[in-house]
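Below: one structure, written as structure tokens.
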Amino acid sequence: MLKWIKKLFEPPIDKIEIEIKTLFQFLIDDYGFTFAKADLGNLVDERGKLIFYGPLYVYQLYNNNLCINIVNLVQRKDYDIYITEDHTNDQHYIFDGVQLPSYLAYHLQEFANEIKVELLNTGTIFGKNI
């Protein structure tokens, strides 16, 4: 009985988080990246005007030179990837970063493979030394 009650208060499993951690574990293990997840609230414009209700999650893989931001507007099941120089939870700073083609946000395995190839060939990710 207590196990059942305890399960009621556990947060649901985030399958996206697990997928991202699994696909990009090589960045954490081999290149010293850190993983973080944050809830950015509602999607708002620069003046704070509501654009779309959240939650707006960001999954971040980052080091001192680079932050890969995978953004998920949950209600719309909408994904985007932005590259920034710094790790932050400021959605305006993230959205001002370099946006990658949306295809990669929906095909994370291919995105991870592209990063692996670039690291092997140039030792960089998006032109940033790692």
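Using the 1.4 Å probe convention, the accessible area of the chain works out to 64 Å² per residue with neighbouring protein chains retained. Here the Karplus curve 6.51 cos²θ - 1.76 cosθ + 1.60, taken at θ = phi - 60°, turns the phi angles of region 53-61 into couplings of 5, x, x, 10, 9, 10, 9, 10, 10 Hz, with x standing for Gly and Pro.
For the chain, how many pairs of lysine residues have a Cα-Cα distance under 14 Å, where the two are 8 or more positions apart or belong to different chains?
Eligible lysine pairs with Cα atoms under 14 Å apart amount to 4.
Along region 23-37 the Karplus relation, 6.51 cos²θ - 1.76 cosθ + 1.60 evaluated at θ = phi - 60°, assigns HN-Hα couplings of 5, 10, 4, 4, 5, 6, 6, 9, 10, x, 6, 10, 9, 9, 10 Hz to successive residues, with x for each Gly and Pro. Distant-in-sequence amide contacts of residue 66, defined by a placed amide H-H separation under 5 Å and a gap of 5 or more residues or a different chain, comprise nothing. Legend: calculated FRET efficiency, residue 16 to residue 118, from the Cβ-Cβ distance at R0 = 25 Å, rounded to 0.05, equals 0.60. Exposed loop sites here mean trypsin sites (Lys or Arg not before Pro) with a DSSP loop assignment and at most 16 other beta-carbon atoms within 10 Å; the chain contains its longest site-free run at 78-130.
Remark: the residue 99-residue 65 segment gains 10.6 nm on full extension, using 0.36 nm per residue and subtracting the alpha carbon distance.
Counting only DSSP H runs of at least 4 residues, each contributing -39500 (n - 2.57), and dividing by the residue count of the chain, the helix-based mean residue ellipticity at 222 nm comes to -10000 deg cm²/dmol.
Restricting region 2-94 to GluC sites (Glu not before Pro) that sit in a DSSP loop and have at most 11 other Cβ atoms within 10 Å of their own Cβ leaves 46.
The values are calculated or read from the model by the stated rules, or taken from the named source; none is laboratory data. Given the structure is predicted, the values throughout are model-derived calculations rather than measurements. No Cβ is skipped: glycine too gets one built from the backbone with ideal geometry, and neighbour counts run over all protein chains shown. These area figures cover heavy atoms from the full protein model, side chains too; ligands, DNA and RNA do not enter into them. Shrake-Rupley method; radii C 1.70, N 1.55, O 1.52, S 1.80 Å.
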